[in-house]
Amino acid sequence: AARRVCCRRSVCSSPSRRQSCMSAWVIDQYDTDGGGLRFTDEATVPTVRSPTEVLIQVHAASLNPLDISMRGGYGAKLLKLRREPLSAMHSDSEFPLILGRDVSGVVVDCGSEVTHFAPGDEVWAAVPPWKQGSLAEFVTLTEYEVSHKPELVSHTEAASIPYVASTALSALVSAAGLCRDSSSNKRVLVTGGSGGVGTFSIQLLKAWGAHVTVTCSHNAEGLVRGLGADKVVDYTEGDVAEQLGMMEKFDVILDNVGGDTEQWAVGLLKPWSGAKYVTLVTPFLLNTDSMGLMDGTINAGVTLCAKATQNIISNGVFYRWGFYAPDGPALDEVRKLVDAGKILPVVEAQFPFTQVPQAFQKLEQGHARGKTVIRVA
Ligand code: NDP
């Protein structure tokens, strides 16, 4: 469905929407010990503060590895600057901070210049990490960040997709240069194919006609094959680089694992043919956390340039970092694929809103097989 023009609405009619307090899970400080989540029913309900914002009642949210990291302070310096550019150098607090990057819910209020959404619309979105998150009853986003939810899946299922989809699209389209019309003759390797980004990427690439090879643990082979993977390599059995090295070389590698992967993976790409290695596991925010904004950014830039230069000279391949980027129109395209049955939500576990700490514990155990979702409303 095309984005549609709506009437202007800036005032909520329902009494329940007028209340100023809401339930939310917040952190009051960064905590690397795994605690720190606090339930409150006195969080302030966000309001539409700019003409392009929408207020969404959250029906479901999901967790990402980023939530675990952010709880411990990952990215704090850069994200604080992005939140409040003028106060980053001062002591203004980002707390209480609400985590949660995915939302599926219903629009309850729109700014005066919102044209694509109206109160009552069912929507989904990936909440940028510099904004208050979706582990709450309400969240505000700009219209550009929001998309109409697929009709054929529930809120719980829909909430499993936006953040990993936005990340995968940013990595595969912006960094790797793939698109729907240029992928049919491409060989793509997806490492870490059993997790959130991996399970989405496999399906997207298959919908675009690519040939997809996946690395994962042996007990995830059935899952990734069911999502369309053409070849599966069990990284726990034998030398994964050796097994992949026996295959035809790849046009694109999407690395969801990081670590030493790039050391053996770039050699699997077709040399001097425009092939690209894109990793989602980058040192950028770790650098800004440990070195400060200026030095950390410069250090990351130097690291990236050095690796990119070395890979083009030595291996004839492009080396890139991939990042999540908010993109409502891209989610519009994903919605079409979901409603066409070409992309299925992969929900591994569901938790009620009362059990958000248990959901974090589940995620901390690792070995994700798709997504962990929170039912909020
Ligand atoms: P998940 O935790 O959902 O999935 C990770 C998957 O990788 C798990 O299924 C895990 O299963 C598997 N895995 C672990 N080790 C290996 C290995 N050596 N080889 C193959 N598979 C392995 O993470 P996401 O999919 O959400 O994210 C993937 C990575 O991308 C994370 O590091 C995340 O932080 C990062 N990311 C970065 C973003 C950015 O903007 N740069 C945005 C989003 C994510 P098992 O251990 O059982 O094998």
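Structure notes:
- For the stretch 268-310, the tally of residues that are assigned to a helix (DSSP H, G or I) and either surrounded by fewer than 18 Cβ atoms within 10 Å (Cβ to Cβ) or not β-branched (Val, Ile, Thr) (or both) stands at 26.
- Top-ranked residue in the stretch 233-256 [being of a type in the set (A, V, I, L, M, F, W, C) and closer than 24 Å to Trp321 by Cα; ranked as surrounded by the fewest Cβ atoms within 10 Å (Cβ to Cβ)]: Ala241
- Taken over the stretch 54-87, residues that are part of a loop (DSSP other than H, G, I, E, B) and without any contact (Cβ under 8 Å) to a residue 60 or more places away in the chain amount to 5.
- Residues (farther than 13 Å from Leu78 by Cβ and within 16 Å of the ligand (Cβ to nearest atom)) located in the stretch 268-307: Leu268, Lys276, Tyr277, Val278, Thr279, Leu280, Val281, Gly301, Thr303, Leu304, Lys307
- Residues that are buried (at least 23 other Cβ atoms within 10 Å of the Cβ), touching a residue at least 24 places away in the same chain (Cβ under 8 Å), part of a loop (DSSP other than H, G, I, E, B) and at positive phi occur in the stretch 179-193; there is at least one.
- Of the residues examined, Val108 is not one that is surrounded by 24 or more Cβ atoms within 10 Å (Cβ to Cβ) and either in contact with an Asp or Glu (Cβ under 6 Å, 6 or more places away or on another chain) or part of a strand (DSSP E or B) (or both).
- Taking each residue of the stretch 304-322 that is over 16 Å from Val281 (Cβ atoms) and looking for partners that are among the polar types (S, T, N, Q) and surrounded by 19 or more Cβ atoms within 10 Å (Cβ to Cβ) with beta-carbon atoms closer than 8 Å, six or more apart or interchain, yields Val317/Asn311; Phe318/Asn311.
- Being within 24 Å of Val224 (Cβ to Cβ), more than 16 Å from the ligand (Cβ to nearest atom) and out of contact with any Phe, Trp or Tyr (no Cβ under 8 Å at 6 or more places or on another chain) holds for only one residue in Ala330, Ala349, Ala340, and it is Ala340.
- Of all residue pairs spaced 6 or more apart or on separate chains, those with beta-carbon atoms under 9 Å, a first member in the stretch 208-222 that is under 29 Å from Lys336 (Cβ atoms) and a second member that is away from the ligand (no atom under 13 Å from the Cβ) and of a type in the set (Val, Ile, Thr) are Ala210/Val188; Ala210/Val252; His211/Val188; Val212/Val188; Thr213/Val188.
- Within the stretch 354-373, residues that are surrounded by 13 or more Cβ atoms within 10 Å (Cβ to Cβ) and outside any loop (DSSP other than H, G, I, E, B) have Cβ atoms under 7 Å from residues that are at pLDDT 95 or above and of a type in the set (Lys, Arg) in these pairs: Thr372/Lys362, counting only partners at least 6 apart in sequence or on another chain.
- If you go through the stretch 174-213 and keep only what is within 12 Å of the ligand (Cβ to nearest atom) and among the hydrophobic types (A, V, I, L, M, F, W, C), you end up with Ala175, Leu189, Val190, Val197, Phe200, Ile202.
- Unique residue being in contact with a Gly (Cβ under 7 Å, 6 or more places away or on another chain), in a helix (DSSP H, G or I), of a type outside the set (Asp, Glu) and within 12 Å of the ligand (Cβ to nearest atom) when the list is Ala165, Ala171: Ala171
Condition check ((1) polar (S, T, N, Q); (2) part of a loop (DSSP other than H, G, I, E, B); (3) within 11 Å of the ligand (Cβ to nearest atom)) across all residues:
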residue: Thr215; (1), (2), (3): yes, no, yes
residue: Glu237; (1), (2), (3): no, yes, no
residue: Gly258; (1), (2), (3): no, yes, yes
residue: Val266; (1), (2), (3): no, no, no
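- Residue match in the stretch 114-124 (condition: under 22 Å from the mean Cα position of the chain (by Cα) and either without any contact (Cβ under 8 Å) to a residue 12 or more places away in the chain or buried (at least 20 other Cβ atoms within 10 Å of the Cβ) (or both)): yes
- The stretch 168-196, residues that are closer than 21 Å to Glu221 by Cβ, under 15 Å from the mean Cα position of the chain (by Cα) and among the hydrophobic types (A, V, I, L, M, F, W, C): Ala168
The values are calculated or read from the model by the stated rules, or taken from the named source; none is laboratory data. The model shown is predicted, which means the values in this text are computed figures rather than measured ones. Don't worry about glycine lacking a Cβ; one is built from the backbone with ideal geometry, like all the others, and counts go over all protein chains shown.
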